[in-house]
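K.L.:
First the structure, then my questions, so here it is.
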Amino acid sequence: MSLAEGLGRWNFLTDASYGSSTYQDIDPANVYYVYRTQTAIITRSKPRPVPEQGAPLAVDIDRACGAPEPVWHRVTMWTDERAKEVLAYVQTK
């Protein structure tokens, strides 16, 4: 039995399922962004900026290395762990 099935009415606590994936044809002329939603993993793309001749490669950084995870991520991880504990407890009864 999967975690999502075992949670029953508590299924709203499950944020993603293993095996979730997204498929996209990749065009090197585009930049791709991958997002996790409540129901799927999705991608969005936009044209890759054309660097000036001889310009160095630019890399966007969303947060510093070693920066703390956002609050929503910590809450999600904590909720996932509690849901697994509840499921394990229910399965032993």
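K.L.:
Going by what's in this entry, would residue 9 be described as part of a helix (DSSP H, G or I) and either at positive phi or modelled with pLDDT of 70 or more (or both)?
P.N.:
On the way: part of a helix (DSSP H, G or I): yes; either at positive phi or modelled with pLDDT of 70 or more (or both): no.
When the stated conditions are applied, residue 9 does not pass them.
K.L.:
Pairs please, first residue from the range 34-52 and free of Cβ contacts under 8 Å to residues at least 40 places away in the same chain, second anywhere and assigned to a loop (DSSP other than H, G, I, E, B) and of a type in the set (Asp, Glu), Cβ atoms under 8 Å, 6+ apart in sequence or on different chains.
P.N.:
36/15; 38/15; 45/27
K.L.:
Right, here's the next one. State which residue is modelled with the lowest pLDDT when the search covers only the range 20-56 and only residues that are within 12 Å of the chain's Cα centre (by Cα) and surrounded by fewer than 11 Cβ atoms within 10 Å (Cβ to Cβ).
P.N.:
Taking the range 20-56 first, the residues within 12 Å of the chain's Cα centre (by Cα) are 20-22, 33-43.
Filter once more, so that each one left must be surrounded by fewer than 11 Cβ atoms within 10 Å (Cβ to Cβ): 21, 33-35, 37-39.
Details: 21: 69, 33: 84, 34: 80, 35: 79, 37: 75, 38: 72, 39: 73.
The qualifying residue modelled with the lowest pLDDT is 21.
K.L.:
Please specify each residue of the range 57-76 satisfying the condition of being surrounded by 10 or more Cβ atoms within 10 Å (Cβ to Cβ) and modelled with pLDDT of 80 or more.
P.N.:
Scanning the range 57-76 gives 74, 75, 76.
K.L.:
Taking the condition at pLDDT below 85 and surrounded by 10 or more Cβ atoms within 10 Å (Cβ to Cβ), does residue 79 pass?
P.N.:
Values: at pLDDT below 85: no; surrounded by 10 or more Cβ atoms within 10 Å (Cβ to Cβ): yes.
No, not satisfied.
The values are calculated or read from the model by the stated rules, or taken from the named source; none is laboratory data. Not measured: the values here are computed from a predicted model. Glycine gets a Cβ as well: all are built from the backbone with ideal geometry, and neighbour counts include every protein chain shown.
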